[in-house]
Structures are given as structure tokens and as C-alpha cells.
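See structure below.
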Amino acid sequence: MLTTSAITSTYSPTRSRNFFLLLLLKKSTTVSHPTQTHAQIILNGFQNDVSTVTKLTHRLFDLKATSYARQLFLSTPNPDLFLFNVLIKFSNAHSISLYTHLRKCTLLKPDNFTYAFAIASASTLSDEKVGILLHEHAVVDGDGLDLFVGTAVVDFYLQFWRVDIARKMFDKMGMLKDGGIRLDSTTVAAVLPALAELQELILGMEVQCLVLKLGFHSYLHVLTGLISLYSKCGEIEAAKLLFGEIGRPDLVSYNAMISGYTSNGESECSVKLFRQLLGYGERVNSSTIVGLIPVFHPFGYLNLTTCIHSFCMKSGIISQSSVSTALTTVYSRLNKINSARLLFDESSEKTPASWNAMISGYTQNGLTEAAISLFQEMQISEVSPNPVTVTSILSACAQLGALSLGKWVHGLIRSKNFESNIYVSTALIDMYAKCGGIREALELFDLMVGKNVVTWNAMISGYGLHGQGQDALRLFSEIHAGLVKEGEETFQSMIHDYHFEPLPEHYACMVDILGRAGQLEKALKFIKEMPVELGAAEWGALLGACVIHKDKKLAQVASERLFELDPENVEYHVLLSNLYSAERNYRLAASVRQDVKRRNLAKIPGCTLIEIGETPHVFTSGDRSHPQASAIYAVLEELIRKMKEVGFQTETDTASHDVEEEEKELMINVHSEKLAIAFGLIATEPGTEIRIFKNLRVCVDCHTATKFISKITERDIVVRDANQFHHFKDGLCSCGDYW
DNA sequence: ATAGGGTTAG
């Protein structure tokens, strides 16, 4: 081991000698050692070497030999900035006066270390005024964004509870984390994707200024990153300008620009650039193809797709899963689900994304069963479902009303911890709402932390679907279920406050609102005064209202218009016929039905589904095919007897000479929903909620009957019909008899 | 440095 004497024995002030002294300093643990070393320094003639003295001072402070250190400082003839910094760092009470001395009595210029140490002292001394002043000095000197200074500043502001300022400083620093002016082009390029992701346009522009100042503008990586950033912020012109500045763009910058054009709706430019790239004989990669995708949506360039497809085959990049996945997506967006499936089947390596593209292709095209069966296939494969997969499957469940599968998927989500994913939880809420579980939907909604517009929409429409307009309005101040005043106000404010010209659907909404509230005359007046062409939607809304409020005269006016506007639609005939039946005017009802027959309008047969456990049971009107048919009919007969006792009247009660009508009336008692409910009563425990699904709009008689059944059997009954949900409880329905 | 599969409503 080296000793001091070993060094002094050969006197020669060289660099290496100095190095040994410093090493000794570093190793010294008590004050006596550095004092000895100090003596050696003087002996060796290093007392005027400021760098050595600074290190010694630092060491002395470390060893708490404060006064010794200060003496050393004072005895140094020309202290430099480093030495000053060390002193400022360690002498809290005197730091500020040292700083002042530095500024006023020397030619030295404070640097980022000076500010950092001085501001830290201001924190220790709890001197708010001085701290702010020092911060200002730092900013003026251009050290405001330095990482060292910034950290001290954040600390300082936090001590005075100025969280807002601290936060701002912190964010600013975060952007330039790698140390302000010491940034290099690699660092800048690395910051860009994050900024692009956050669409931080302003910060992006600041970065560009910085880049120009630092002379990085010739770096291809930085320029490419900026192109992408501007594109993502919708500033396609700025991106174009930068792209033009590149002399010879490489594949990556081409890709950035192509995808930039694509995502900004300039598909023609995008395709043009793509062709140009091909013309240069440049090898295209998967990013190029992927970046082109939204070009096909929603315009549907099938020709271009097949061209690109064959190009990918020829060049061999079709074997890359990202490429074939991209093409699968394109094909399913173009409704070419078979082409999509072919690609999927032929792809050698199936990634989770490949499966997801195919499954979501099916759900988005309404092919829910195909989606579910592919999902089951996926589970046998070695690829396991991810959040994207379950999101698509939940959407399929929602479309199908498949509650049991939906619940199973919910279990899967829990076990895989996908619950925090916003897509997943939104799809879950939607699934429950659409499958009749409005309570479960609300529970999930309430617990959810980061909701977005889609989440809210799913919940709003869920409420609307369940006839709970009040709840929807309370939560979201939206137009719903018969809340005329709010509806009118919103409508007026849309026109006058927002200068938005109402579209036909808005007029239809207003007609619906007025109609639901029974203000039929007002609705008609509204229709007549509308400045837009009257469509089937408006008249349909009015007719619906007429049926509920039993206004025959207005119904005739509305239906005549509807028969003209939409002659193929049988729904309006059914509505009118229902209205006549409800008024016991069987002659008119029959004539409407005959009219339907004469015109050969197709009627969709009604059917109702009920799930017991996981088994679905489907009933049609008068259906006797069910194994338990006799029991079902017995229960139904008994029910109707009890219902009559408490005042239920079917249309069969009224004598009628119309034979056809008699047949019809007999049929009413065996409508598919009644059969399904009767079966539900047999197949489930007393008190259990019964949930059924009807493919058409529920008829008046069944609606009334279900109200009675809910009361007599003390069961909650949920009916999902073609339009909405009906919650029957205790003899009442959530729709308020309006549907 | 560039890129892909997902939720609502209409």
C-alpha cells in the first residue's frame, strides 16, 4: 500500500503524483489524514493548483471539517467556479452571501451547479424570496431547464406547497430529461414517439426549435420522428414541409410520411407516395403496408387491396404476420370476409393479432356465431386470448344477447387481470346492458376509474334500452324518455346557442319526445312546420305515439304517409292493426291485415328465446314442439285463469263474428313470449328473475299479460324486444307502457 | 426514427 512518505521520497510534481495525492484524499476517513495530505500538497507545490485544492476542500467538508475547509478556501488566491460551487454547496448559512460575492466581486459566471446548490440552500433555509430570485437568475442565464437546477427548483417549490409550479417545472424537465443543453440527436429522437403518442404539439414545436438551435436538423432520425409527430397532431402541412427537406428519404421516412397522409385523410397522396416508393425499386416492409391500411376505410378500394395483396405475395412479405394481419383487417373492413378468412387460414405464423383481426372481422360484420366458434378454436391453439380478443367476443355476446358466455368471459377477464383495460371494461358494461343485466352494468360503470366517451355512451344507451330515461337524464343531461321540457330546451339550444342546423334525426327525436308525452297535436304541428323533408322516421315516431295514446284519427294520417314513403315495411301495418285491435275495431284491423296479404308483404315470424342455465330454448307462436309442452300449456292456462280473476281481459273476451279474427284471438294466448315465460316459471326456482328475448316488438296483449304475470307470480321479468328492454315488476313495466 | 388487432352511438 502506498504511503505519504513513499510519495515524498521522489519529489517531482507530475500528473501521476497529483493523482496519487488525490487517491489518498479519497481514501482518508478522518480529519488527520486530509490535514497530512494538505501538508504534502503544500510540500509538493500543489497549493496553487485550484483543482487539487477544490478536491481537498470537498473532502474536508465531507469529513465535517468545515472551518478548516473555509480557511483553505480563503487562503486560495484565485478560487475558480468549481471551488465556489463546493463552498456554496456545503455552507448552508453562508451560501447566499457566497453566491452574491461570486456575482458581484469576481469575474466568474455562475453555472447550473451554482444555481442548483444555491437554490437547495434556499430550501434548507426556508427562504422563499431568495429561492424565487435564484430561480429567475437561473432562467435568465439559460439554466432554467437543466436537470440539476430543475430538481432543486421542484424541491424548493414543493417545500412552499407551490405544487402547481413544481408540477409545471417537473413536466418541462421530464421532456428534456437527459440534461438540457447536453441533449444529442439520439436523445431527441427518442423523446419524439412519446410526444407523438400524447399529441403534444406545442412541446413538439419546442423540440423542433431546440433541434434547429442545436443543428440536428440534418439528422434523418430526428426529422422522421418529427414528421410522425406532426402527422399525429393533424399538422400534415408541417410534416410535408419536413419531408421535402430530406434530400434522399429512406424507407422509414417514406413509411412515416405515407402513414401520415393516410391518417390525415389524404389517401390519394398516400397512394401516390407508395407508388413512388415502389418506382424507386425500394423494398417495402410491413410498416409500409400497415401504414396504408386506413386508406381502405371507409372508401373501400378493393382493386388497390388486391393489387397490394398480390404485390405482397410476389415480394414474399406476405409471410410476415404483420402484413397478413393487416390485409385480413382490410378485407374484413371491405366486407370480404371470405378473402379475410383465406388469408388467416393460409398464414403460417398466427400471432394473437392474427386471431384478433379475424375474430373482430366476424363481429364487426355481424357474424357473431363465427366469431365465437373461432374464439373457441383459439383457446385450443397455443395462442391465448388477450384484452383485444375478449373485447371483440364481448361485443359478439352483446349482439347475440348471450349472457352466459358473457359471464364466462367476465370470469376469464378477472383471472387474467384485464379489468383495468378501458376497452375491456366498456365492452363488459355494454354486454351486461344489452343482455339485460343493467344492475351489473351500473356496478361496473360506477367502479370504473378512467371512463371515456364510449363508456358513457354505452351506459346511456343501456339506460335508454331499459326505459330508465330518468336515470339517463340525471346522469348525463341527455334527451330521453318523455322528458319534454329538457328535450325542447336542448333542441332550441342546439339551434340558437350552437348554431347547429338540426338533421332529420333530430326532428324525429323531438317528434318522439312529444309523442311519448302524449302531446300529439303539438307533434303534428311540429312535423308540419319542419323546414326539412319529412321522412319515415318522423311519421313512424308519430304513429308509434298514436298507438300508445290510442289516437285513431292521427294514426290514419300518419300511416297513410308511411305506406307511401316506405311501402315495403310491414311494421307500420302491424302498428295500425294493433291500434284498431286495441280499440276493439276488428273490422278495420282485419282490413289492414288483408291489405298486408294482398300486397304480399313479408312478415317475420315472431319467436322468443329463454336461456335456462346455459341451454337456450326457442318458442314460436302456438309452438308444441318443446318436450315439456303439455306442462307449459297447463301453466299458461292456469295463469290466464288467475289473471282473469284480477281483471285481465284478452281480446277473445269480446264476441266477434270474424272467423279469422277468432283464430287470431286464440293465437294471442299462445304467443311465443307467453310460452317462454310459462316455461321460465316451470324451469326456474320461485323468485328468480326471468329473462326472455323476443325478435320483434312486443305486442300490446303480451305486454299487459306480462305485467299481470309479474304481479301474480311475484317474479321480475325482463323482456328484450326488437327495440328495447322491458322490466316487469309488481304489475308495472319500466317503459311506462310506451314502446 | 416508421406500422398492425379492440368498445358505444348513428
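Determine the sum of side-chain charges near A:LYS707: Lys and Arg each +1, Asp and Glu each -1, restricted to other residues whose C-beta is under 10 angstrom from that of A:LYS707.
Net charge in that neighbourhood comes out at 0.
What FRET efficiency, computed as 1/(1 + (r/R0)^6) with R0 = 22 Å and r the Cβ-Cβ distance, is obtained for A:LYS272 and A:SER322, rounded to the nearest 0.05?
E between A:LYS272 and A:SER322, to the nearest 0.05, is 0.40.
Can you check what the net charge comes to around A:SER559, using other residues whose Cβ is under 12 Å from the Cβ of A:SER559 (Lys, Arg +1; Asp, Glu -1)?
Cβ neighbours under 12 Å give a net charge of -3.
Strictly over 31 Å apart at the Cα level, which of A:LYS55/A:LYS104; A:LYS597/A:LYS694; A:LYS336/A:LYS597; A:LYS232/A:LYS434; A:LYS644/A:LYS694 would you flag in this model?
From the list (A:LYS55/A:LYS104; A:LYS597/A:LYS694; A:LYS336/A:LYS597; A:LYS232/A:LYS434; A:LYS644/A:LYS694), the Cα-Cα distance tops 31 Å for A:LYS336/A:LYS597; A:LYS232/A:LYS434.
Could you report the accessible area of A:MET313 in Å², rounded to 10, computed with a 1.4 Å probe on the protein chains as they sit in the structure?
110 Å²
Evaluate the distance, in nm, between pseudo-label points positioned 7 Å from the Cα of A:ASP155 and of A:GLN36 along their respective Cα→Cβ axes.
3.4 nm
Given labels modelled 7 Å from the Cα in the Cβ direction, how far is it in nm from A:THR688 to A:LYS642?
1.7 nm
Along the stretch A:414-422, what does the Karplus equation 6.51 cos²θ - 1.76 cosθ + 1.60 (θ = phi - 60°) give for ³J(HN,Hα), rounded to whole Hz, x for Gly and Pro?
4, 5, 9, 6, 8, 4, 7, 6, 5
Rounded to a whole number, what % of the accessible area of the stretch A:225-334 do carbon and sulfur atoms account for, probe 1.4 Å?
Roughly 55 percent, rounded to a whole number.
Taking 0.36 nm per residue of separation and subtracting the Cα-Cα distance, what length does fully extending A:LEU588 through A:VAL557 add?
Extra length from A:LEU588 to A:VAL557 when fully extended: 9.7 nm.
Report the net charge of residues surrounding A:TYR633, where surrounding means a beta-carbon distance below 14 angstrom and charges are Lys +1, Arg +1, Asp -1, Glu -1.
Result for the neighbourhood of A:TYR633: 0.
Using the basic label-point model (7 angstrom from Cα toward the beta carbon), what is the A:ILE712 to A:LEU447 distance in nanometres?
3.9 nm
Leaving out ligands, DNA and RNA, and with a 1.4 Å probe, what % of the accessible surface on the stretch A:397-470 is carbon or sulfur?
Reported share for carbon and sulfur atoms: 58 percent.
Let's test the formula: R0 of 60 Å, r as the Cβ-Cβ distance of A:LEU732 and A:ILE246. What FRET efficiency results, to the nearest 0.05?
E(calc), rounded to 0.05, equals 0.30.
Work out the FRET efficiency for A:SER420 and A:LEU214 from their Cβ-Cβ distance, taking R0 = 30 Å, and round it to the nearest 0.05.
Efficiency, from the Cβ-Cβ distance: 0.15.
About its Cα centre, how strong a charge dipole does the stretch A:608-733 have in debye, to the nearest 20, once Lys and Arg get +1 and Asp and Glu get -1 at the Cβ?
Using Cβ point charges on Lys, Arg, Asp and Glu, the stretch A:608-733 gives about 400 debye.
Determine the order of A:ASP701, A:ASP446 by accessible area, beginning with the largest, at a probe radius of 1.4 Å.
A:ASP446, A:ASP701
In the stretch A:608-733, with Lys and Arg counted as +1 and Asp and Glu as -1 at Cβ, which of these residues, A:ASN669, A:GLY731, A:SER630, has the Cα nearest the positive end of the dipole, that is, farthest along it?
A:GLY731
For a paramagnetic label modelled at 7 Å from the Cα of A:ASN386 toward its Cβ, which residues of the stretch A:317-343 fall within the zone defined by backbone nitrogen distances under 18 Å?
Counting backbone N atoms under 18 Å from the label point, the list is A:320-330.
What ³J(HN,Hα) values, in whole Hz, does the Karplus curve 6.51 cos²θ - 1.76 cosθ + 1.60 give for the stretch A:126-138 when θ = phi - 60°, with x put for Gly and Pro?
In residue order, the calculated couplings are 6, 9, 4, 4, 4, x, 4, 4, 5, 4, 4, 4, 4 Hz.
Could you rank A:ARG70, A:ARG333 by how accessible they are, 1.4 Å probe, largest area first?
A:ARG333, A:ARG70
If I take every Cα pair under 8 Å that is 6 or more residues apart in the stretch A:608-733, average their sequence separation and divide by the length, what percent do I get for the relative contact order?
26 percent
The values are calculated or read from the model by the stated rules, or taken from the named source; none is laboratory data. Remember, predicted model here, so these are calculated numbers, not experimental data. FYI the Cβ positions are ideal-geometry reconstructions off the backbone, even for glycines, and counts take in every protein chain you see. Side chains are part of the model used for accessible areas, which takes the heavy atoms of the whole protein and leaves out ligands, DNA and RNA. Shrake-Rupley method; radii C 1.70, N 1.55, O 1.52, S 1.80 Å.
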